[in-house]
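Below you'll find the structure, written out as C-alpha cells, and then a few comments.
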Amino acid sequence: MRHVSNNSAWLGESFVDCFSCERAQNRNWNTLAISLLRRFSLRRQCYGSMASGNISLRRAGFGSTTRTGAWWLEPLLIFLGLSAFVVYSTWAAFQGAHYRFGPYLSPFYSPELFGDPAHSWFGAKPGWWPTWLLFSPALLILWAPGGFRLTCYYYRGAYYKSFWADPPSCAVGEPRKHYRGERSFPLILQNVHRYFLYLALVFIVILAHDAWKAMWFTNAAGQVSFGIGFGTIILTINAILLGGYTFSCHSLRHLVGGGCDQLSKIPIRQRAYSCVSCLNRRHMLWAWMSLFWVAFSDIYVRLCSMGIWSDRRIF
Ligand code: FES
C-alpha cells in the first residue's frame, strides 16, 4: 500500500493506472528510457499538485479503469486478426499442395527447399523425413518468418494485451498480481528477435526474386516471355510490404544506428538510420498490411492453382 498526500481519489487511481501502463511499456526495452522519463514527469505532476490530506492507492481490479472510451476495441480486433491469421496460415502450411501456379509461388512456401523436384532448391522430399510425419515444404521454412513476427516488439505489446490481458489495455487493471518481465525465462527468449531479423533480411531477397520470376511466363510451346499478370502485382506488393515491415524493425534501427556516439561522423550510417527511423514510425502499419497481404498472396496462388480463380494477364 502506498500513501501519497493528495485530496483527489481520482488522481490516486490515475497514478496507479499509469504506473500499470508503464509496466507494460517497460517490457519493451526500447522504450525503457522513455518510460522512466514519463514516470519521473508523472510523479512531479502528482507530488506537485499535493495540497493536503492522505489517500491510499489501491491496485485496480481486473478490467477496472478510469478510461471512458472503448479501450477494449483495439485488443479485441487484434485478437481476432491474429487468431484468423494463425489459423489460416497453419492450415495452408499443412496442405503441401496448390502453392504454385505458373511462375507464381506462394510466399508461405518460399524458398521451396524440398518438394517439387522441378522447382525446389534441393529436389524432392528428403529420404530422412519421418514417414509418420506429414511433409509440406512450408513446414521447413515458416518457423523463420513466424519467429520474426512472434518476437517483434510491436506484436509483443499487442498480443500481451489481447491474448494474455497483461494488461488488457493501457491503464486497465490486469488479472494477476505479479509482474512477469522479459528478464527471466521464458520471456527472455524474446531477445532472439535480432537473430530472426538476420533471417528475415534473407527472406526479403528471396521474395523479391520470386516477384521477378513472376514476370516470366512460359507458353504452350515452351517459350519464356516477359509479362505482368495480377499475380505478378500481388507478389510484388507482397515483397514491398514485407520489406517495409522488415526495414522498419526496431532491431534493425539499433543495428544501423547503435554502438556509435556520433552518428553524424559516419554519413552513410546516419542516412541509413534516418531511412530506418522514417519507416519505423509506421512499424505497426507495416506489420498489419504485410500480415494481411502475405495471407492474401497465398490465397490468390492457391485459388488460381485450384482453378477457382483465373489469373488475368495485363500484357
Ligand atoms: S520490432 Fe517488429 S519486426 Fe523487429
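Derivation of every value follows stated rules applied to the coordinates shown; laboratory data play no part. All values reported here derive from a predicted model rather than from experimental measurement. Reconstructed Cβ throughout: ideal geometry from the backbone, glycine too, with neighbour counts over all protein chains shown.
Cβ under 15 Å from Ile234's Cβ, Ile234 left aside: what net charge do those residues give with Lys, Arg +1 and Asp, Glu -1?
Result for the local shell: +2.
Mind ordering 255-268, 223-236 by average Cβ neighbours within 10 Å, highest first?
Values: 255-268: 11.6, 223-236: 16.7.
So the peptides 255-268, 223-236, ranked by packing, come out 223-236, 255-268.
Rounded if a/c is under 1.5, else prolate if a/b is larger than b/c, else oblate: which is the stretch 211-315, with a ≥ b ≥ c the root eigenvalues of its Cα gyration tensor?
It comes out prolate by the Cα gyration axes.
Please enumerate, by chain and number, the lysines with C-alpha under 27 Å from the C-alpha of Lys177, excluding those fewer than 8 residues away in the same chain.
In chain and number order, the partners are Lys161.
Which of the peptides 245-251, 136-142 is most tightly packed, and how do the rest follow, going by the mean number of other Cβ atoms within 10 Å of each residue?
Ranked by mean Cβ neighbours within 10 Å, highest first: 245-251, 136-142.
Could you give me the radius of gyration and the Dmax of the stretch 145-248, taking only the C-alpha atoms into account and expressing both in angstrom?
20.3, 70
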